[in-house]
Amino acid sequence: MTPNRVRLRPDIEELAPYRQGKPAHVDAFKLSSNENPFDPLPAVLEAIAGASINRYPDATAAALRQRLADRYGVTEHQIQVGAGSVAVLSQLISAAAGPGDEVLYSWRSFEAYPGLVTVSGATSVTVPNTSDHRHDLPAMAAAVTDRTRVIIVCSPNNPTSTVVTAAEFEAFMAAVPQSVLVLLDEAYAEFVNSDEDAVHGIPLLGRYPNLVVLRTFSKAYGLAGLRIGYAVGPEYVMDAARAAAIPLSVTESAQLAAIASLDNEPQLLERVGRIAVLRDQVWQSLVDQGWPVPKPHGNFVWLTTGDQTEWAAGVFAEHGIITRALGDGLRVTIGESGSVDKLLRSAAEVIRNLRTAP
Ligand SMILES: *Cc1c(COP(=O)(O)O)cnc(C)c1O
């Protein structure tokens with residue numbers, strides 16, 4: 001052991017720090033972080049202007065929790081608010097799993113999952129996505145062991161934008177022991193078209209006592225920079241999450257902005273609708289170009305680029321489109337309508353050269 005180094009946890013030292021989507025240079029569109037391209041609503045700016053800064057926020061986010069409880073027909077004790085839904089996810093994993101325990105999820109999925117599991121001390125167990133980039137829920141149910149404490153299901157899945165259907169999810173819940181916590185991460189729920197047979201977690205809470213649903217204000221509601229999200233689930237599980245939380249991390253600005261967003265939801269959902277229409281158009285154009293792109297349900301599309309992913313990301317960047325390279329594919333956010341021409345032009349150039357490029 002080197003004498004002048006402190007002893008750190010080896011699993012943490014090996015962990016790569018969270019890598020953020022690259023910032024866009026001037027004239028480029030940042031389509032690498034699934035952010036909402038719209039400016040905040042005036043009502044949200046007004047709410048933030050009234051937030052106190054020298055005082056600590058309400059640690060319990062009581063007003064927002066009551067508001068969400070009324071909306072979902074649950075009690076305020078069944079809501080936990082955190083500094084982003086990733087914070088709540090971290091609390092729930094730490095509340096249920098530690099050294100020797102397993103946390104199960106599909107892969108490829110949200111890149112924050114492996115790190116959160118490692119920090120909790122538990123072990124990640126992953127089940128590969130199906131060849132059509134969806135969760136393989138029967139294989140996930142079969143991968144449960146007596147060490148499994150948490151299963152994360154992500155629908156729409158980041159980064160492949162595919163959904164779990166209601167029927168698939170119900171069969172899965174029937175196969176999983178009720179002692180295992182199932183976290184349904186619905187960060188992109190608002191972007192799912194209403195005619196899809198996608199799972200919707202909140203109406204199922206009454207049926208499954210081991211289910212917790214995660215939602216966020218970061219994506220559809222455009223509050224990514226303020227950091228606020230929440231979970232809905234059984235009261236004792238939410239109490240455990242509260243016990244595992246860093247106190248006072250949800251600012252008053254974030255709480256007030258979330259309430260103002262709920263007050264002005266029709267305007268926000270109209271924007272979400274416009275993004276979804278644009279997404280479906282982009283998807284159709286990509287299919288016409290010959291891309292084997294799974295039908296997207298979030299505010300992003302998944303382009304499989306194999307071992308030419310870095311090269312493909314470079315082509316997009318040359319056209320002023322910053323994407324997120326993840327393993328064997330590129331995740332591209334549906335952002336400003338003005339970005340679409342460049343996005344499609346880059347995609348056409350990539351698919352033309354995909355097999356012949358260096
Ligand atoms: C963006 C995202 C979240 C939410 O992030 P927060 O900003 O922390 O609320 C959660 N899960 C997935 C899969 C996401 O893509």
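The values are calculated or read from the model by the stated rules, or taken from the named source; none is laboratory data. Quantities reported herein were computed from a predicted structural model and do not represent experimental measurements. Cβ placement follows ideal geometry from the backbone for every residue including glycine, while neighbour counts extend to all protein chains displayed. Ligands, DNA and RNA are excluded from the accessible area calculation, which covers all protein heavy atoms including side chains. Shrake-Rupley method; radii C 1.70, N 1.55, O 1.52, S 1.80 Å.
Restricting to the range 67-91, count the residues that are loosely packed, with under 14 Cβ neighbours inside 10 Å and either of a type outside the set (Lys, Arg) or over 22 Å from the mean Cα position of the chain (by Cα) (or both).
Count: 3.
Taking the range 283-297 as the search range and keeping residues that are closer than 18 Å to residue 31 by Cα and of a type in the set (A, V, I, L, M, F, W, C), which one is most open to solvent (accessible area, probe 1.4 Å)?
Residue satisfying both the conditions and the ranking: 283.
Given the condition in contact (Cβ under 8 Å) with a residue 12 or more places away in the chain, part of a loop (DSSP other than H, G, I, E, B), among the aliphatic types (A, V, I, L, M) and more than 16 Å from the ligand (Cβ to nearest atom), answer yes or no: does some residue in the range 76-91 qualify?
No, every residue in the range 76-91 fails to be in contact (Cβ under 8 Å) with a residue 12 or more places away in the chain, part of a loop (DSSP other than H, G, I, E, B), among the aliphatic types (A, V, I, L, M) and more than 16 Å from the ligand (Cβ to nearest atom).
Quick one: in the range 273-290, which of the residues that are under 24 Å from the mean Cα position of the chain (by Cα) and of a type in the set (A, V, I, L, M, F, W, C) is nearest to residue 37 (Cα to Cα)?
275
Under the condition of being among the basic types (Lys, Arg) and within 12 Å of the ligand (Cβ to nearest atom), which residue from the range 206-243 is most open to solvent (accessible area, probe 1.4 Å)?
It comes out as 227.
Since residue 57 meets every condition but one in (1) closer than 30 Å to residue 234 by Cα; (2) in a helix (DSSP H, G or I), which condition does it not meet?
The single condition residue 57 does not satisfy is (2).
Kindly indicate whether any position in the range 298-310 is surrounded by 15 or more Cβ atoms within 10 Å (Cβ to Cβ) and either assigned to a helix (DSSP H, G or I) or modelled with pLDDT under 95 (or both).
Yes; the residues of the range 298-310 include at least one that is surrounded by 15 or more Cβ atoms within 10 Å (Cβ to Cβ) and either assigned to a helix (DSSP H, G or I) or modelled with pLDDT under 95 (or both).
For the range 5-49, which positions are surrounded by fewer than 11 Cβ atoms within 10 Å (Cβ to Cβ), of a type outside the set (Asp, Glu) and in a loop (DSSP other than H, G, I, E, B)?
5, 6, 7, 8, 16, 17, 18, 19, 20, 23, 25, 26
Within the range 175-189, does at least one residue satisfy the condition of being in the same structural domain as residue 205 (by TED's automatic domain parsing), open to solvent by less than 10 Å² (accessible area, probe 1.4 Å), touching a Phe, Trp or Tyr at 6+ places or on another chain (Cβ under 9 Å) and among the aromatic types (Phe, Trp, Tyr)?
Among the residues of the range 175-189, at least one is in the same structural domain as residue 205 (by TED's automatic domain parsing), open to solvent by less than 10 Å² (accessible area, probe 1.4 Å), touching a Phe, Trp or Tyr at 6+ places or on another chain (Cβ under 9 Å) and among the aromatic types (Phe, Trp, Tyr), which makes the answer yes.
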